[in-house]
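We did not get these values from a lab; they are worked out from the coordinates using the rules stated. Just so we're clear, the structure is a prediction, and the values are computed from it rather than from any experiment. A quick note on method: Cβ atoms are made from the backbone with ideal geometry, for glycine too, and the neighbour counts reach across all protein chains shown.
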Amino acid sequence: MMSYAFMKMGATVMTTAAVFEVLYWVAIVSMSVVLVLVNVGILAIGFQFWKKHKRVLGIGCWLFSLFCFYLVSIMINKTFM
């Protein structure tokens, strides 16, 4: 821990590295949440296409969404586990 002359004894300093570490985790968690919400939206659009008898577009949206969910799960496993 660094010691500064103007600080009281026992005070804690949050270094720049610690600030960036906190910002990194906030960014990772928020990015994961946004990616999952976007994939849920794409999946919902696929259901709308299916109901409008545009079956190929609906299946394409489902497959793309499932692949993206797979990629997000890999990202979460490598980052948090």
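Are any residues in the stretch 65-75 surrounded by 15 or more Cβ atoms within 10 Å (Cβ to Cβ) and either farther than 30 Å from Glu21 by Cβ or among the β-branched types (Val, Ile, Thr) (or both), and if so, which ones? Full working, then the answer.
Restricting attention to the stretch 65-75, the residues satisfying the condition of being surrounded by 15 or more Cβ atoms within 10 Å (Cβ to Cβ) are 65, 68-69, 72.
Selection gives Ser65, Val72.
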Checklist entry - If we keep just the residues of the stretch 14-45 that are surrounded by 10 or more Cβ atoms within 10 Å (Cβ to Cβ) and hydroxyl-bearing (Ser, Thr, Tyr), which is farthest from Ile76 (Cα to Cα)? => result Thr15
Next on the checklist: Condition (residue is surrounded by fewer than 12 Cβ atoms within 10 Å (Cβ to Cβ) and at positive phi) applied to the stretch 46-61: is it met by at least one residue?
Outcome noted: yes
